[in-house]
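Structure record follows, encoded as structure tokens.
The values are calculated or read from the model by the stated rules, or taken from the named source; none is laboratory data. In this text the structure is predicted, and so the values were computed from the model without any measurement. With ideal geometry, Cβ positions are generated from the backbone for all residues, glycine too; neighbour counts draw on all protein chains shown.
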Amino acid sequence: MTRWIGEGIDSLEEIDARVIAPIVAPRLTWRWWLAFAFSGSLTLLMIGTVTWLFVHGIGIFGNNTTIVWGFPIANYVWWLGIGHAGTLISALLLVTRQKWRGSLNRFAETMTLFAASMAGLFPIFHLGRPYYLYWIVPYPNVQGLWPQWRSALVWDLWAVGTYITFSALFWYAGLIPDLALLRERAKTRLARRIYGVFALGWRGSLKHWEVHTRFYRYMAALAVPLVVSVHSIISLDFAASLEPGWSDTIYPPYFVVGALYSGFAMVVVLAAALRWACSFEPFITVNHFEMIGRVLLMASIIMGVSYASEWLWSWYGGERPERHLVAFLFTGPYAPLYYCQLLFNVVVPQALWFRRVRSNIAAVVIISIVINIGMWLERILIVWATLSRDYLPSAWRIFLPTFWDWALLFGSLGAFMFLFMLFVRVLPALPAHELRKLWIEERGA
Amino acid sequence: MSSLTGSALDRRSALKLLAAGMAATMARCSRPSEEIVPYVDMPEGLVAGEPMRFATTLTLGGHGRGFVAVAVDGRPVKIEGNARHPFSLGATDIFAEAQVLSLYDPERSGAVAGRGTTWHAFAQAWTRATRDPSGLALFTGRVTSPTTLVQIDALMKRFPGLRRYRSEPIHDDAARAGSRLAFGRVVEALPRWADADAILVLDGDPLGNGPDQLRIARAYSTRRGGKRQRIHVAEPAWTLTGAAADFRIALAPGEVREVARKIANDLGAGLGEPQLSDAARKFATRASAELRAAHGRALVLTGEGQGAELHALCHWMNARLAAPVDAFPSQDPVAGDHVGEMTAFANDLHAGRIRTLLIADANPAYDAPDALHIPAGIAKVPFSAHIGLYVDETAQACTWHLPLSHALESWGDARAPDGTASIVQPLIRPLHQTRTCDEYLAWFATGKPASAHALTRAAWQASDRNWRQMLSDGAVANTAAKPITVSVARVPDLPRAGSGRGLVLRIAPDPSLGDGRHANNAWLQECAKPFTRQVWGNAVQIAPEDAQRLQIADEGTVDVTLDGRTFAAPAVIVPGQAEGVIAVTLGHGRLAAGRIGTAVGARVCGLSFARTLSGAAVAKSADSLPFRSLQAHTRLEGRAEDLFQISGAHEHEPNEPGLDEPPPSILPTPQRGEYAWAMLIDTDACIGCNACVVACQAENNVPVVGPEEVSQGRDMHWLRVDNYALSHNGALRHGFEPVPCMHCELAPCEPVCPVAASVHDHEGLNVQVYNRCIGTRFCEANCPYKVRRFNWFDYSGDQAYAEQGPALEQQHNPDVSARGRGVMEKCNYCLQRVSRARKTAEKESREVADGEMVTACQAACPTRAIHFGNLNDAQSDVSRRRRAPRHYTLLAELNTRPRTTYLKRVFNDGEDT
Amino acid sequence: MTVLAEFSTAQAATDAVAAASRAGHPARDVLSPVPLEGTAEHLAPYAKGKIGWVMFVAGAVGGLAGWFMQWYSAVVDYPIISGGRPMNSWPAFLLVPYEAAILSMGVVGLLGWMWMCGLPKLFHPLFAAPIVERAVQDKWLLVFESADAHWARAHLGADAVHEVRE
């Protein structure tokens, strides 16, 4: 039987010590500061871009009369996709009793929270008048107006709002026992107090554990359909339209798998970084990468089938705009991007058929980065291609990104990284209590 | 001089000036002090907020056309057609529509400039200069105004030695010379288009811009039903007439003459054997046969691109065919040709024969070929004064500049090509310290100030009652000249085409800017040229064969060299242009038009006066100049059956019931309110003139976005005229498809809006609630017609192009809100007009009658291609036409059920008809 | 007076809880660094929280409220014509109740769990014993009432026994 906790862990105390080491005894090397400064400056770039955006207007982006959606929508879908893996890992693997979730769920859930927050910002930045965002929310107002419930954007608000809230609750529920650990182990009195308040007075009572376990399972059981619904609803932003290439029934499952795919890929990257930076080798083992490699391989095949089915149905459906769109993807000005998308999302991950590749952490990480680029290309091409080539040839145009488009994308990556580095320093990146349980089960102690 | 040639203002000072100018204009925003008389259909008395309509006259190349200007609270906001004027017939063109913007142009000159800044200083200088009146000269464009001619006569009496020059950049020298050749005198030959059954246009563009366009376009559209005309066009580059033709062939100018030779020979001219290609011979044979078969109802026309001989030959052919053409005495009293006058002017300048120069409302420094060195010549003149709307190229060369009043601030008059006179009536007191041309000339003649109103009244000697009638009608009764009888003495000879050296360069007036005098008008700059959809610049149009041979890329920059002179411009490959011909348009490359018009495009008028030049060379340029277009793709990609539909000539009969049934839907049938407004656009009548586009812009406060934004792919036009190149019966055709909002009954834009900013009203309009819009742009993403327009920046306000926002507010239609940044907007069927029509009807306790509610685009359309009305009334114009077999719906397969629908284009090119 | 019997492994603690229960001296509670599945049955009887039902009811109420809000606003309060869709566009109205139901279940679930556990309770008398801090790390503490204290001391074989005054 595969062991998910590596050699070198001989006591529960050692698990706790290792898990909280980045918080109580961090290794603040120059590399760490460099990474922190790098992500911090990108965060500043994002803040600056958003300021410029609010001052100057949405026109700073490359959008035009025909391609009214651009980077923000693609970034939104991409980030939210990444934000799906955490909950999926936590919830789906919990429900299916996969033990290897134990080392991954905390930071994956955190990744979910940060990625979903990043995602949630983009639709706001994309608005012409972001300061009226609250008009999408039902609230009593003097005009007596309500949101327009038939709009997929209203569904988005509910889906993403629910998702972020729910993920935060789920994350917090799992965090409470570890907060109690930090209440006892944090270095300063103030820190112990703060952790203590958030630990709610948790003392490990078996009665609490008993309700907590059930509650946590129910939450996991709810999280799975929630995750599926969220990216399905996001896909309705496109699928509920009547534009060629968007109006497809395949979109919801295709988006959900795509989300899982890019999310798992991001988990790989973060897992490797944590393993290396925080000495989590015993908890995040090669076996974990091997297992995720299988998931990625499966997802890449499903993505390939999805792409192929788009081609098939646009050919078989016989509608000229749909057929033209596929031809445009292969031959139009975006074709190099499209070939990259196919290469990155479908071809490259086939290397994961080989156990030697899956067991090579560096290889899996590189493939994961490639997948994430490929998935971003997929998202941007979904937005661009259809809008660039819809029904009336007179309206056909091409999207030319501006500096600000890129600034916001990379700024959000930096902000994500910045937040994640902060998280590692203040909260346990691995769930100590679950590792204890796993260790007990594996060692029979 | 420094004040004239000074560099562009920096932003801060420009804003200051704007603010000051605004305050000043607001303060002075009042009706003229003299009595002005409302248009005849209007109730008397000004009601606050109610539009008042006044007949007035706007000129195009000196020819007057009567229009109706609409003023609200003393501010002119819109130009509409005047049905009583024979050269408007209720319609407008882009130049007329755009005048209302020029009126408020903050860069229009408002003060005396030059060697002093006061009128007093100028007057003293003038008195000194005219102590010795020898060497005094007056330069004007074409003048048809009786009042102005009176002032010029008075000036010539006062200064007997006065040299007078008249030259118009868009001249008619070939027509004048042809007329002299044929008839021995200059006549204005105006076709009675509607009376012709077979028409042959040999390299001319009667349906294109010009003083006669609206009249001919209307006649054209009246002949689209019933027994249709057959129109044959042979031309080197696409014109609106070529697009309207049933048979069109692309031929170099020399080959066009061979077609003429063949047809003239068939009529008995005996001009020698024509040298024709097979296709040209087929074309000529058919055209010849049809012309002869339609004797008495056949018409042959040509244009300025051809020489006097072909013009004369056309007169001869028309005489042989007993063609419906009326000859009128020319309304231009100057005998000399425009080119000759300009050349004489240049010679006299350089010879020092001109010591004191007045240039009235003309811009020879820009218009004249470089070889004449007009600016240097003017600089030699000790005293030169330019009267004009702008401190333009000529003003910069002169020692003095005198600000001219805009037509909408002026009293005056003008004559149409047939002699019909109409009064220029001001709607507003001059916004700046300006005077009219007549006032200046009268002062020069008499030394005493006179009001333009008094001068105009004096010229007409009308009783008060007649005067009021003249003003309210907008056309002076019985002033049209009587057609004169002329006869063609002999068959003119027709020269053969020269040996093929290099490419033939065709220079044509710009479809959007004309001769460029209105280059500072942003509406015109952003009005897409019909075929290339280019805006903010001109391009070298080149045939695909030539482009391939010369390895010139579409939209790549080229250098055109002719006789040692070179200009650079983007090239655009135009299928259907004659091989060996490149075409460019005038009006661009202004050196001192203002912040909007300066240095946009290439100046080609510097090459020559001629419209057809041979020996041009084209080569790839090292420069990179932007080609800015509102439509990147004009080929229909085999989708003609969906998007731009073509019908046979026999299918034009309306009134077949049951054809207006929508396809089934799972959604419930939408309920209809009291009215169900619908628009129907007849693509067969549309000639692609763009009048509707500019009319919509004026009516609905549609901002311009400027060249940089266009390069980003952005534009704001609520109504666009899509142009599609398609193959029909083996020939390349162009179809014009005006696309406003479709007002779908099952609108895809509405259910996707999260805040219900895009909603339907009870009369079937798809309306946009600007105040509610948060700018998700889902509506436009989901609009299959892509008719929605987004304010990426505050185009109407702080971020307006060239910082014209505050100035343009003066022009804004007060019934239409200006849209702020981050808000979606689009065509709303002129909701304000619908509302006004409904209120008017309600006040009178009746329903809105059919034809009572007219949208701005519909009102402007010279061919009446746009129909609007109530679908609930089965007998309304729109309802009846929707039942026609020619009726089709754009993207009908999407079942959006548009209220805007189309009638198919008809090419009457079957052999059987 | 409460007694805490200290154990160093989960297995020992589980065995001890079962033994105490068999002996008729069931532990009142166990403080454990990990959940011990099936062990709670051997504790002294206590009211088990019906967290599932609470969440189910919350979800039903949240979902229905979401549906009603849409129906009321779109059909009764402010009907508008939107793309020719019926006022009661029920298929489009299914998504918000779905999300609202899950959201309600999550929020009420967490609050319900806290309420059932009596949390937050930042101070608990057991915290008076220094050993309790190890209960969230690596020690298992069986909590016995004073009546069972003597038995626990004598028969459980705990690593150590601590007394706490409650």
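Points to keep in mind about this one:
- Picking from residues in region C:137-166 that are part of a helix (DSSP H, G or I), among the hydrophobic types (A, V, I, L, M, F, W, C) and touching a strand residue (DSSP E or B) at 6+ places or on another chain (Cβ under 6 Å), the one that is nearest to C:T39 (Cα to Cα) is C:A152.
- Restricting attention to region B:723-744, the residues being acidic (D, E) and crowded, with 24+ Cβ neighbours inside 10 Å number 0.
- All conditions in (1) away from chain C (no Cβ under 14 Å); (2) farther than 30 Å from A:T2 by Cα; (3) in contact with a Leu (Cβ under 8 Å, 6 or more places away or on another chain) hold for A:A271, with the sole exception of (2).
- Test for B:H734: is it within 29 Å of B:T222 (Cβ to Cβ) and either in the same structural domain as B:F67 (by TED's automatic domain parsing) or part of a loop (DSSP other than H, G, I, E, B) (or both): no
- Checking B:L162, B:L155, B:L136, B:L101 one by one, the residue that is among the hydrophobic types (A, V, I, L, M, F, W, C) and more than 30 Å from B:T343 (Cα to Cα) is B:L101 and no other.
- Residue count for region C:58-97 under the criterion of being more than 9 Å from chain A (Cβ to nearest Cβ) and of a type in the set (V, I, T): the result is 4.
- The set of residues from region A:392-437 being crowded, with 24+ Cβ neighbours inside 10 Å, within 14 Å of chain B (Cβ to nearest Cβ) and not in a helix (DSSP H, G or I) comprises A:L392, A:F399.
- Any chance A:F283 is buried (at least 20 other Cβ atoms within 10 Å of the Cβ), touching a residue at least 12 places away in the same chain (Cβ under 8 Å) and not in a helix (DSSP H, G or I): yes
- Tabulated pairs, region B:105-124, first part of a loop (DSSP other than H, G, I, E, B), second surrounded by 15 or more Cβ atoms within 10 Å (Cβ to Cβ) and charged (D, E, K, R), C-beta under 8 angstrom, 6+ apart or interchain: B:E107/B:R595
- Among the candidates B:D554, B:D563, residue that is more than 27 Å from B:S167 (Cβ to Cβ) and out of contact with any Leu (no Cβ under 7 Å at 6 or more places or on another chain): B:D554
- Boolean, A:T51 is away from chain B (no Cβ under 14 Å), under 30 Å from B:R789 (Cα atoms), out of contact with any Gly (no Cβ under 9 Å at 6 or more places or on another chain) and surrounded by fewer than 19 Cβ atoms within 10 Å (Cβ to Cβ): yes
- When restricted to residues that are out of contact with any His (no Cβ under 9 Å at 6 or more places or on another chain), outside any helix (DSSP H, G or I) and facing chain A (nearest Cβ under 9 Å), region C:34-57 contains 7.
- Near pairs, Cβ below 8 angstrom, 6+ apart or cross-chain, from region B:270-282 (surrounded by 15 or more Cβ atoms within 10 Å (Cβ to Cβ)) to any residue that is modelled with pLDDT under 90 and in a loop (DSSP other than H, G, I, E, B): B:L271/B:V491; B:L271/B:D493; B:L271/B:L494; B:Q275/B:R496
- Scope region B:731-747; condition out of contact with any Ser or Thr (no Cβ under 6 Å at 6 or more places or on another chain) and either facing chain C (nearest Cβ under 8 Å) or closer than 14 Å to B:E780 by Cβ (or both); matching residues: B:V739, B:C741, B:E745, B:A747
- Selected residue (only one of B:G589, B:G580, B:G576 is buried (at least 19 other Cβ atoms within 10 Å of the Cβ), under 30 Å from B:A892 (Cβ atoms) and more than 14 Å from every other protein chain (Cβ to nearest Cβ)): B:G576
- Qualifying residue in region B:797-804 (condition: surrounded by 24 or more Cβ atoms within 10 Å (Cβ to Cβ) and either assigned to a helix (DSSP H, G or I) or at the interface with chain A (Cβ under 9 Å from one of its Cβ atoms) (or both)): no
- Tally of residues being of a type outside the set (G, A, S) and at pLDDT below 70 across region B:634-684: 11
Yes/no matrix, rows are residues, columns are (1) at the interface with chain C (Cβ under 9 Å from one of its Cβ atoms); (2) in a helix (DSSP H, G or I); (3) out of contact with any Lys or Arg (no Cβ under 8 Å at 6 or more places or on another chain):
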residue	(1), (2), (3)
A:A180	yes, yes, no
A:H208	yes, yes, yes
A:H212	yes, yes, yes
A:M219	yes, yes, yes
A:P225	yes, yes, yes
A:V228	no, yes, yes
A:I234	no, yes, yes
A:T249	no, no, yes
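- Flag if C:A74 is among the hydrophobic types (A, V, I, L, M, F, W, C) and closer than 22 Å to B:C744 by Cα: yes
- Looking at region A:314-363, the helices (runs of 4 or more DSSP H) lying wholly inside it that each contain 3 or more residues that are surrounded by fewer than 17 Cβ atoms within 10 Å (Cβ to Cβ) sit at A:320-331, A:335-342.
- Failed item, numbered, when B:A177 is tested on (1) of a type outside the set (V, I, T); (2) surrounded by 18 or more Cβ atoms within 10 Å (Cβ to Cβ); (3) in a loop (DSSP other than H, G, I, E, B): (3)
- Put simply, of C:L31, C:L4 the only residue that is at the interface with chain A (Cβ under 8 Å from one of its Cβ atoms) and within 25 Å of C:M116 (Cα to Cα) is C:L31.
- Pair list, Cβ under 8 Å, 6 or more apart: region A:110-131 residue within 14 Å of chain B (Cβ to nearest Cβ), other residue of a type in the set (D, E) and assigned to a helix (DSSP H, G or I): A:P123/A:D156
- Subset of region C:112-151 [closer than 22 Å to C:P26 by Cα, touching a helix residue (DSSP H, G or I) at 6+ places or on another chain (Cβ under 7 Å) and polar (S, T, N, Q)]: none
- Region B:807-826: number of residues that are under 19 Å from B:K786 (Cα atoms) and more than 10 Å from every other protein chain (Cβ to nearest Cβ): 3
- Residue count for region A:386-423, restricted to those that are free of Cβ contacts under 8 Å to residues at least 60 places away in the same chain and polar (S, T, N, Q): 1
- Among the conditions (1) assigned to a helix (DSSP H, G or I); (2) over 19 Å from the mean Cα position of the chain (by Cα); (3) farther than 23 Å from B:T485 by Cα, the only one that B:A194 does not satisfy is (3).
- Among the candidates B:V848, B:V787, B:V878, residue that is among the β-branched types (V, I, T), surrounded by 20 or more Cβ atoms within 10 Å (Cβ to Cβ), assigned by TED's automatic domain parsing to the domain that holds B:G713 and not in a loop (DSSP other than H, G, I, E, B): B:V878
- Candidate set: region A:219-240, residues that are among the small types (G, A, S) and surrounded by 23 or more Cβ atoms within 10 Å (Cβ to Cβ); chosen: the one nearest to C:S104 (Cα to Cα): A:A223
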